[in-house]
Each structure stands twice: as structure tokens, then as C-alpha cells.
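Just so you know, all these numbers are worked out from the coordinates, no wet-lab data involved. All of these numbers come straight from a predicted model, not from anything done at the bench. For neighbour counting, all protein chains shown are included, and Cβ atoms are generated from backbone atoms with ideal geometry for every residue, glycine included.
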Amino acid sequence: MKKIDTTNVISTETDGLVTKYVIRNGSYLGDVFDSLPPGIISKSETGMGATTLEFNTPRNSIIVEPIKITASSKAHKHGAMYVGSETQYHLNKVRKDTFLTYISNPSIQYKKIVVVADSLWKVIDWIGDTVYKDFHILIDEADSFQLDSLFRSSMESSFDYYKLFPQDQRSMVSATMLKFSDPDLKDEPTTSIVYENPTVRSILLKYTTNLVGTTSDTIQEVLISHPENKVMVAYNSVTNCYNLASHLVNSNLISKEDVRILCSISSKDKVGSYYHELNSDVLPARLNFVTSAYFTGFDLLESYHIISVSGNSNKIHAISDNRLKQIAGRSRPGVLSEIVIYDTVPNHNTEMEYTQEQLVEAAEQEIVALKCIDLNYNSNSVLKGHIDIIRKLIVDNTSTGGYRFVRINKDKEAVISYLNLDAFAESLRVRNKLYRSPETLKITLEVQGHQVEYQTVTSSTDVTISDINQEDRADKVTEIISLLRDTQPGIPIDLQLDEDNSPVHWNQLTPYQQEIATIYDNLCEFIEPSQLLDKIEEASLKPDRRMLTNLQLAGYYATLHKDFQYKRTVSHHLPLKQEFTREELLEKWNTIFSELGLHKAFDTLTQAVRFTKLHFKIVKKVKPVRFKIQRENPLDFVILDYRSQSENIGTFMSLLNSASRMR
């Protein structure tokens, strides 16, 4: 039983597995508990000091954060061991020997490890099985793990590890906890902590049919009315953040130096010089756009005006009432004002609602189907080696409303994706209830006790759709191609030296540069490097990113061993020097996909012709229109060698999956 300091406790109530504490306003969890209670900790406010208490508790702790920004900053603040990719606080990834030195250091009585979700497996592996008796695990911002599990499999893997810890050695915490569908968490004890007088927010709601235009108008109004204050715009659309920033700068409403876009590094290419990674507890500019990577988990020790934008034409851009609470809670002193700009679900069509039992049943049926496929593939010696790849392709391409109900766990088993079920249910709630009509958001926030002003706004402002300019992309492409020309083929770029004889750090490259370097690394052993770089550079500069994907597929196919199953099947149905109509090509490719168990099918003749051109040099004949398969290697690569017949070609299968979606 955890020690309770009753000085700051107004009341306590227990009902089954749930214990509710009402505490004095301004109290922190450390003022009430000597350590975090086990199980689910649902707090009514952000900033109640849950992770701080865990850092101060005399026990070994693993604190799991959803994103590296939060993990790195908290580790830096508390002098803990950080495990994750590079940040401005931690310039290099921690190595295993450094980690083990920390773990075995007798002068550090209690080991505190802060890890980003993607690296939790590494920490567990490095410590070994003793981790489950020697450490307490805390999952921070647990609702983010539920909501973001669709995009990051590591979120569900974190809960796999969480459930391996004894129940009294694990906790999860959030100010906006969602209901769990996972039966393994049904008996998890829950501690609810609320303030005696909950925080009441003053919120201005602006309903509009011109979301981006109204957002531009509102930003301008706030900047003019409050020239001395900072503004934060929360909008989970990288493209529209960039469009708005460019529009305001080009309209001379603010200087480019006064605008920053805080988003994940994977979107760095999309925002150019506006990109910023938060490295302090204050906003970096006067006008700051933030995407979902910055909606939760970090603390800002200043006040500012917040504008949250919820676009419901795209469910990814929609912001729930829970996320609005998290966004407002980033300012520890409190926001100066809060405005929410939103539209409603197009055509007001209510999506089908499902019970939790129906969602679980659907997932179970999908697993039954996968087991049948496993049985058929494992019974065939030729196909058996591809079962993992095929299973992943099926799971990745089977979704309901964009959510996958089944996942492949760390043991390569198909299991129910409970976090995705939770996220899907929340998505339906947001679209069917919160944004069903212009008034439903207002009613919801008022029921929660907030002071709400509602306006219907018409805007004639037309924000030009911008693209990160081609000149900027060209500079980045030229830079990485030049670097690759000076490197030794076959050595990963992060082990190479640049022109100053300094190591090239992978994290210093933009995501697009990393993609280019990876393509080169995968092909340069088999295709003459200089020619390969010429072709990669040409494809990289094209506005259509599919050109780079097409080049990869053509390069992989050209260098596959002639006896590899995919190549043999394609060659059998599309032999050289033969002629085919569009209709015949469509039939041939769908037969190939069926025989290989790829669960794909082309819908159009154009798809079939384009896909053929990625495998062969073809000659078009007219009257009647026919296509002659002239030869393999359509891009005329200079082939140095062919891949081993036994090579794991998971990368090629993923490329095949992407390229075959072409329209």
C-alpha cells in the first residue's frame, strides 16, 4: 500500500478497482503519494507531476514516452539515462556498453531510464530478464500510445512489454485516458485524481466552412491585437501549416524569421527552413505552428495565445476535446487566450457505430483467415520462405476506416491490435458526436464546465496552396548526391567521412536525403555506382515522388536472381519477344499476383501497362495496339552482379506493394 499524505486530500472514494482522490488545487502527485500507484492513473489536469514523482521515487524506473522530444528533455532535466534517437539535448545515440556501465554503476543507487517507445525493446534486451523484477515501468501519456498506434507499431509493442511486468511494478498515466478494450487490462487497478475545483477554460469557438482562410484571418487578428505576445497554432496538417506560414510571410504580415513549424523530423522536408525541433521550455518564435508530435507531453514555462484548428474533412486533422485539453495544458502558467477553429464532418453523414464486442469479433475473424493462409503456405516448400512477408502485406493492407484491427507482434504472431480498436472507437466518437453539427462541440465543452463563446465565421481569404519550393529540394538532392559520389560503395553513409574528414551523422540528413542514401546503398553493389547516382538524381528532382519508387523497383527486379520465385513467375507469364494487348497484360498481372499469393489485383488497363514498363523495355505497336516485351532492365542499368537466390527481399516486396497501387 502506498503511503498517502492526507494533508492535501479532500476526499477518497473506492468503487471496485477504481479509487478516486479529490485533492487541493495546486497540489502535485508528490504532495499526496510517496510513489505512483500501480495500474492506470487518470488525472484530471495536465502538469500534476506524475513523471516527476517517478523520478524522485527510490526505485529503479523505466519511463516510456511517446516521442523523443519529451523523452530527451525529461531525461536531460532529471539527469537520467536517455535511450532514443539523437536530439539537441542528446547528440549521439547511447551505445550498449555506455548503457550497461550506467546500469552497473554502484554510485547510482536508483537507475532512472527514459526511453522513447521505439527503443523500449532495446532497453529490455540490454537489461535482460531481471528487468521484470528490478524495475518499475511507467508509460507516460498513455492515450497517445492508443491514438498513435496506427502509425507506429512500437506503441503496441510497449504495451506488450508493459504487461510482462508484475501488476504492482507497472503504471500508466494520462490526463485524457481512453477506455481500453484489451482484456489483459480489464483488471488493472485505476487511480483517479481530480482537483477540488477543476480548471475552467475560456474558449472562443469559430465555426467556418473556410478553415484555412479563417485560420489565416484569426492569426492576423491576434498578431495585430497582441504584438508583444507569442502565438501557438495547433494544426495536425503539415501541408496547411506550411501554406499558412508562407501566406502570412508573403503577405508581409510577419517576417520569415519570426515563424517556426514544430513537427516530426519525418516531415522536415515538407516545411523547409521553417522546421524547428523544440529544445527549451519556451516557444522558439513569435508565431509557432505545431503538429500532433507536440500536442502532448512537453512543458512550456510561458504564456501565449493558442489557436487550435480541427479540420474534419480529413480525420487525421480532427482534434478531439481530449486533445484540445492537452494542447491548452502545454502552457504551465496558463494560456493568454484559447481559440478553436473548426468545420464539421462533410455532408453530416454519421458513420456506422460498432460495439467493442463487434470490433473484437472482426479482428478475430481476420486472424482466422491469416491462419488459413499460414497453413497453405507452410505446406508448400517454395512458398514457405515468404510467409512472413505475405502476412505483413495482408495485415498492412487490410483496414476499416483506415485502422488495422490485426498486427504482427514481436514474436511474429498475428494478434488483435487492441490499441487500434481503441483509436478507431475514439475516431468514430469524434466524427459522429463531437463534430456532428456546428453546435455539438460547444455543448460538449460547456458540459465539461468551460466558458464557451460561439461564432459562425465567414472568410473570403484564399490561402494559396504552396509546395516546399523545388529550388530547396534541388539543393538537398545535389548535396546528398555529391556526398554519395565521394563515398565508398557498400559502406553505410553514417560510417563515411565528409569533405572535412568528419563523420557523416545520419540525423543531420533530411528524410528525403536519407531515403536517397538508402536506395543507393541497396543497389550500388549490383549496379554501376556512377550511372546509378545519375539516375537517382534525375528521379529525385521530379515533382512526382513515385519516380523514385519506380526506379527502385526497376533496379531491384533487374538485379534479382533469375531463379527467384517472383522473377520466374513473371518470366513464365510474360516471356521475352511476345506481344500482348492491354487486356492481356491486365489478366497476366492479376494471374501472377494470384499465383504468388500477393492478394492484389489491378483495376485498370493503364495500371497493367505502367507496371509492365517497370519490369521490361516494351515496344508499342498500333492497329491493333499491342505491346512487345523487348527485354528486361527497362532503365538500361549497367549490372555488376545479381542478388543471391536466398536473399531476404522484404524491401523489394514492399516496393512491389507500393508501385502496384499506381493509378
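Computed over every Cα-Cα pair of the range 59-130 and binned at 10 Å starting from 0, the pair-distance distribution P(r) comes out as 21, 59, 20, 0 percent.
3J(HN,Hα) along the range 40-56, derived from phi through the Karplus expression 6.51 cos²θ - 1.76 cosθ + 1.60 where θ = phi - 60°, amounts to 7, 10, 9, 9, 7, 10, 7, x, 8, x, 5, 5, 4, 4, 5, 4, 8 Hz, with x in place of Gly and Pro. Given the C-alpha centroids of the range 408-447 and the range 525-596, what is the distance between them in whole angstrom? With the range 408-447 and the range 525-596 each reduced to a Cα centre, they are spaced 40 Å.
Between Leu253 and Arg631, the modelled label-to-label distance comes to 5.8 nm, taking each label 7 Å out from Cα in the direction of the beta carbon. For the range 287-349, the orientation-averaged shadow of the C-alpha convex hull comes to 4.5 nm² (one quarter of the hull surface).
Past 27 Å, Cα to Cα, is the threshold; run Lys93/Lys535; Lys371/Lys562; Lys43/Lys163; Lys270/Lys613; Lys68/Lys179; Lys68/Lys270 against it and keep the listed order.
Lys93/Lys535; Lys371/Lys562; Lys270/Lys613
Taking amide H as placed 1.01 Å from N in the peptide plane, Phe564 has no amide H partner under 5 Å among residues 5 or more places away or on another chain. In this simple spin-label approximation, Ile443 and Tyr642 carry label points 7 Å from Cα along the Cα→Cβ vector, and these lie 6.8 nm apart. Pairwise Cα separations in the chain fall into 10 Å bins from 0 onward with the following percentages, short to long: 3, 13, 21, 25, 21, 12, 4, 1, 0, 0.
When ranked by the protection proxy of mean other Cβ atoms within 10 Å per residue, highest first, what sequence do the peptides 353-359, 523-529 form? Before the final figure, lay out each step's value.
Working: 353-359: 13.3, 523-529: 19.0.
Highest to lowest by the protection proxy: 523-529, 353-359.
Ranking request for peptides 208-221, 574-587, 126-139: highest mean number of other beta-carbon atoms within 10 Å first, then the rest in descending order.
So the peptides 208-221, 574-587, 126-139, ranked by packing, come out 208-221, 126-139, 574-587.
Here Ala601 and Gln109 are evaluated by their C-beta separation; at R0 = 41 Å the FRET efficiency comes out at 0.10.
For the set Lys542/Lys567; Lys20/Lys325; Lys20/Lys410, the pairs lying more than 25 angstrom apart at their alpha carbons are Lys542/Lys567; Lys20/Lys410.
Dipole magnitude for the range 6-195: computed about the Cα centre from +1 point charges on Lys and Arg Cβ and -1 point charges on Asp and Glu Cβ, it is near 540 debye. Here each label is just a point 7 Å from Cα along the line to Cβ, and for Thr19 and Gln531 those points are 7.2 nm apart. Extents of the range 6-195, taken as max minus min of Cα coordinates on every principal axis and listed largest first, are 48, 36, 31 Å.
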